[in-house]
Amino acid sequence: NRRFATLISLMLSSQTKDEVTDAAVAKLRIAIGGSLSVDAVIAAEEATVSEAISKVGFWRRKTQYIKQAAQRLRDDFDSDLPKTVDELCSLPGVGPKMAFLALQVAWNLNLGIGVDVHVHRITNRLGWHQRPTKNPEETRLNLQSWLPKELHGEINHMLVGFGQTVCLPVGPKCDLCTLSSAGLCPSAQSKKLSKRGGRNSASTSRVELDPGPKVEIEVENS
């Protein structure tokens, strides 16, 4: 049940804030009898599942995915989560990001980094890629090429909440970000107030990182 509950949480979390996901998981658990199990989801009416998760993004589609995934798990995987990325991705509504995270949490298997839109956006803003990556899968492959494997399981959890609250897709709150104030983010923006016609207006400008003074070393030939 714990592994299946992990999968359900991940399925509900897509395009949804963490606190909304947590509330939906708790409500679904109660609605289907107190146990978030494969059999309980299969036995539950679709309307019951829909009502419980109605606050998450794309809840109608996710209702179908949850019901279909539970049926597949019972029919093909003995009501348990499979241990490979390919098998997990064969379930309705499950993609690579979700599969990697499910394996990390449910089976303690570190087979790759779970990259969503937040990890993709933030790592590009921080300049973690030699060249900007075009999509989450390209981001995942590049991160895995240099980031120590023992950190693969932490990066998604570390950046998703940050991306939901501070490093937003539009209007990032750089004034609240310690990376910005420390000059560690090449994409940081600062807001300056200027008076125009007696009213204050905010303007946004790029913060350029100071490369520091140039140091020239002269070597004498012996």
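The values are calculated or read from the model by the stated rules, or taken from the named source; none is laboratory data. Everything numeric in this text was worked out from a predicted model, so none of it was measured. Ideal geometry is used to build each Cβ from the backbone, glycine not excepted, and the neighbour counts take in all protein chains shown.
Surrounded by 15 or more Cβ atoms within 10 Å (Cβ to Cβ), under 15 Å from Ala5 (Cβ atoms), hydrophobic (A, V, I, L, M, F, W, C) and in contact with a helix residue (DSSP H, G or I) (Cβ under 8 Å, 6 or more places away or on another chain): does that describe Ala40?
It is false that Ala40 is surrounded by 15 or more Cβ atoms within 10 Å (Cβ to Cβ), under 15 Å from Ala5 (Cβ atoms), hydrophobic (A, V, I, L, M, F, W, C) and in contact with a helix residue (DSSP H, G or I) (Cβ under 8 Å, 6 or more places away or on another chain).
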Please give the number of the condition Val160 fails out of (1) in contact (Cβ under 8 Å) with a residue 60 or more places away in the chain; (2) touching a Pro at 6+ places or on another chain (Cβ under 9 Å); (3) closer than 23 Å to Thr16 by Cβ; (4) not polar (S, T, N, Q).
(2)
Residue pairs, Cβ under 6 Å, 6 or more apart or interchain, first in segment 94-110 and free of Cβ contacts under 8 Å to residues at least 60 places away in the same chain and closer than 13 Å to Arg3 by Cα, second aliphatic (A, V, I, L, M) and surrounded by 21 or more Cβ atoms within 10 Å (Cβ to Cβ). List them.
Ala99/Leu88; Leu109/Leu103
Mind telling me which of the residues Glu87, Glu19 ends up being surrounded by 15 or more Cβ atoms within 10 Å (Cβ to Cβ), part of a helix (DSSP H, G or I) and without any contact (Cβ under 8 Å) to a residue 12 or more places away in the chain?
Glu87
For segment 52-76, pairs from a residue that is in a helix (DSSP H, G or I) to a residue that is among the polar types (S, T, N, Q), with Cβ under 6 Å and 6 or more apart or across chains, are Thr63/Ser50; Leu73/Ser79
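Can you tell me which residue among Leu28, Leu36, Leu10 is of a type in the set (A, V, I, L, M, F, W, C), assigned by TED's automatic domain parsing to the domain that holds Gly57 and either touching a His at 6+ places or on another chain (Cβ under 8 Å) or in a loop (DSSP other than H, G, I, E, B) (or both)? Quick ask: steps written out before the conclusion?
Details: Leu28 fails: either touching a His at 6+ places or on another chain (Cβ under 8 Å) or in a loop (DSSP other than H, G, I, E, B) (or both); Leu10 fails: either touching a His at 6+ places or on another chain (Cβ under 8 Å) or in a loop (DSSP other than H, G, I, E, B) (or both).
Answer to the selection: Leu36.
Determine, yes or no, whether Ser187 is exposed (fewer than 10 other Cβ atoms within 10 Å of the Cβ) and at pLDDT 90 or above. Break it down into steps so the answer makes sense when it comes.
Details: exposed (fewer than 10 other Cβ atoms within 10 Å of the Cβ): no; at pLDDT 90 or above: yes.
It is false that Ser187 is exposed (fewer than 10 other Cβ atoms within 10 Å of the Cβ) and at pLDDT 90 or above.
Which one of Val160, Val119 is surrounded by 14 or more Cβ atoms within 10 Å (Cβ to Cβ), at pLDDT 95 or above, within 14 Å of the chain's Cα centre (by Cα) and part of a helix (DSSP H, G or I)? Steps first, please.
Numbers: Val160 fails: at pLDDT 95 or above.
Of the residues listed, the single one that is surrounded by 14 or more Cβ atoms within 10 Å (Cβ to Cβ), at pLDDT 95 or above, within 14 Å of the chain's Cα centre (by Cα) and part of a helix (DSSP H, G or I) is Val119.
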Which numbered condition in (1) surrounded by fewer than 11 Cβ atoms within 10 Å (Cβ to Cβ); (2) in a helix (DSSP H, G or I) is the only one that Arg131 fails?
(2)
